[in-house]
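First the structure, in the form of structure tokens, and then the observations on it.
Readers should treat all values here as calculations from the given coordinates under stated rules, not as data from a laboratory. Everything quoted here is computed from the prediction, not taken from an experiment. Backbone-built Cβ (ideal geometry, glycine too); neighbour counts: all protein chains shown.
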DNA sequence: GAATACCAATTGTAAAGACATTTCTTGAAT
DNA sequence: ATTCAAGAAATGTCTTTACAATTGGTATTC
């Protein structure tokens, strides 16, 4: 590995700011397989000596790779190439719960509760759930993992009428709802991307700033009543959502 | 605005590293509306004096807000609160082109070509398009904007058989395909999140590292033949994908 | 009035040094 | 053998200083 970070490697490296050259050098070493997942990089001070840069500049070059999830730093230990997470693919357009989804592909599911209880609703929850005055909201917040790797943060809100006692939910919320005859049959999801903040990044065991998939879901009973309003954050490197598209009917394509 | 960044504000600010306290202070000022989109922040040197920090520390505190897209820095000019981009919502499950999608909501579409031509295919393209030996691939790469705001980078690959002359495509690829009787009727999309690299971030006019939605789409003719393989990057702050979910049939839910 | 040149202000890059905090290994004591 | 403590090593935080590159306004000149 020693030959990657020689001062000479910079001359051929295309110019630009020094920290970007270092960034490029490391990124290419990872892409080309010279550095494999789990490999450790030289310490920052060693890198500084090897490349002839100051430690501050080395840190800046490394920082971007950390915040994009390609490197992992552990204080007192070192800097390592991030372990590769195999992407899971979820079929959109089928309304399934996380638990069901994972079981279908034969993976184990772990849940860690962050919070569970009845609260006064936030304005957003009043809107989404169509709550009446004085009605309280049941909040279920947990980290979903599979094989020890945290994959998503799930924050579900339900009307107290639907779920009077949040403590009863232990495993699958949908299984629980089904047993009470209130399983949703339809849902609308909105998907966008966002940088994870420090708190959420820690829950998902990645560096702050890494890209995550943000999903908002509102699910409905056959009657049209809203059942749940869930905001989830998925690790961008661990999840793929797949969806099949069909041609829009001619009438819808050009409405004017 | 002067009262936001007094040294005293730090004492009440919850502790932790100084750059995080500054980060929090600014983030909260934006969230609470004390700082509105377009507002300018004091210069880094002024901030350093006001808060009693060094400029390096101020820069570190500000940097995270820049890389998550909340602030915008312009060298020689200053640091500003990022203008709010209204989120566009695209209905998934309908196969439409960007052009059609924007026209339907009455917005204008601008395209800037990055590249357009015939190339030797990458392994990924051979896989996706089912190319034969020696076959070449037509690549269309452009930045899609609306009202002057870049929204997405679109990188489409088509077999040479489908599109012998890429230069013919000027506006809508789908319109072009339709005129040749090769409009796709079905497509499969995969959606994930990723941090934008320096090159893509510049094309989309955001800071590197900002979260983007990455979408891979493979579309098919009625015959089942693959038409196009497109990789797009959408600005995470500008786009929402909406999809409606339906309950899976009982047989599919627990296949064992 | 318009174009140009200059200058001040602002962010961008980089170095060197200092100390704090955490981790991991090593050696000693039990 | 096990436990515990010490210390080395690594990243994390922060300061001070210097210069480069870009921007935007101002004064000057034509």
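Descriptive notes on the structure:
- 0 to 90° range, to nearest 10: angle between helix B:55-67 axis and chain B longest Cα axis: 30 degrees
- Remark: relative contact order (segment B:8-81) = 34 percent; criterion is Cα-Cα distance under 8 angstrom and separation of 6 or more residues.
- Using C-alpha pairs under 8 Å with a sequence gap of at least 6, the mean separation divided by the residue count of segment B:36-130 gives a relative contact order of 24 percent.
- Neighbour counts of C-beta atoms inside 10 Å place A:147, B:237 in the sequence A:147, B:237, starting with the fewest.
- Distances in nm from residue A:84 to the matching label points in the other copies, shortest first (labels 7 Å along Cα to Cβ): 4.3
- Shielding of peptide B:223-236 by partners, expressed as the average count of other chain Cβ atoms within 10 Å per residue Cβ, is 1.
- Antiparallel bridges, percent of DSSP beta bridges restricted to the protein assembly as shown (to nearest 5): 90 percent
- Other-copy label distances relative to residue A:161, 7 angstrom Cα-Cβ extension, nm: 5.8
- With its label point put 7 Å out from Cα toward Cβ, residue B:99 sits 4.9 nm from the same residue's point in the other copies, in order from shortest.
- Three-way shape label, segment B:8-81, alpha-carbon gyration tensor, a/c 1.5: oblate
- For peptides A:130-139, B:196-205, A:202-211, sequence by mean Cβ density within 10 Å, most packed first: A:202-211, B:196-205, A:130-139
- For the peptide A:59-67, the mean number of other protein chain Cβ atoms found within 10 angstrom of a residue's Cβ is 2.
- Packing-based order for B:31-40, B:108-117, B:166-175, using average beta carbon neighbours within 10 Å, highest first: B:166-175, B:108-117, B:31-40
- Average partner coverage of A:148-157, which counts Cβ from other chains inside 10 Å: 0
- Distance from the alpha carbon centroid of segment B:34-81 to that of segment B:139-184 works out to 40 angstrom.
- Protection proxy ranking of A:52-62, B:180-190, A:72-82 - average other beta-carbon atoms within 10 Å, highest first: A:52-62, B:180-190, A:72-82
- Helix B:18-31 axis, angle to chain B major axis (alpha carbon atoms, nearest 10°): 70 degrees
- Helical runs (DSSP H, four residues minimum) scored at -39500 (n - 2.57) apiece and divided by the length of chain A put the mean residue ellipticity at 222 nm at -7500 deg cm²/dmol.
- Cα convex hull, chain A: 204 Å³ per residue, rounded to a whole number.
- Kirkwood-based Rg to Rh ratio, the protein assembly as shown, C-alpha trace: 0.97
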